[in-house]
Amino acid sequence: LAPAEAARADTTVFPDGRGLPPGRGSVAEGRALYVARCAACHGADGTGGSGGRLVGRAPLTASPWPEKTVGQYWPYATTLYDYLRRAMPIDAPGSLGADEAYALSAWLLHANGIVAADAVLDAASLPAVRMPNREGFERAAR
């Protein structure tokens, strides 16, 4: 890896927002980016495709094999951002810039009914997003 790539890959984003880079992204920007970079695998509206479902709020107990969507599974919005920035899109992992990852996070959170249509996310506002399943995990004893 080039030094700049290595530095970005070595960044850890914590649930409280530590490690988030400067930048910002809106729901509208995220929608356009989603259509261009994500819809081929996750469907036009995020409800399915070869890459799986991202949008949906069915209870995890509704099925013995629930699809773990952003809206009903992920505990922290910062984890979504970090995953998008590091691992997506599948054909070019790590290629999204900070603004693009904030924008995609904004659109996915909006599509799941978690943030408003006019939301703009950044390092200050993203950690403040309260995910529906925040309390749905138990700490493992070490």
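The numbers here are math on the coordinates, done by the rules we state, and not lab data. It should be emphasised that the depicted structure is a prediction, and the values quoted were computed from it without experimental measurement. Quick reminder, even Gly has a Cβ in these numbers, built from the backbone with ideal geometry, and neighbours come from all protein chains shown.
Observations, loosely collected:
- The distance between label points at Ala92 and Lys68 comes to 2.8 nm (points 7 Å beyond Cα on the Cα→Cβ vector).
- Residues Ala40 and Arg130, FRET efficiency given R0 of 25 Å [Cβ-Cβ distance, rounded to 0.05]: 0.20
- Contact order normalised by residue count of the chain, Cα under 8 Å, 6+ apart, percent: 32 percent
- In this calculation the C-beta distance from Arg18 to Ala117 is compared with R0 = 25 Å, giving a FRET efficiency of 0.30.
- Amide proton proximity set for Arg24, modelled H, under 5 Å, gap of 5+: Asp99
- Each eigenvalue of the Cα gyration tensor of the chain, multiplied by 5 and square-rooted, gives one semi-axis; in descending order these are 22, 19, 16 Å.
- Taking the chain as a Gaussian network of alpha-carbon nodes connected by springs under 10 Å, the highest mean-square fluctuation of the residues Leu80, Leu126, Leu60 belongs to Leu60.
- Compactness relative to 2.2 N^0.38 Å, alpha carbon Rg of the range 82-142: 1.29
- Take each peptide in 109-118, 67-76, count the other Cβ atoms within 10 Å of every residue, and average; sorted highest first, the result is 67-76, 109-118.
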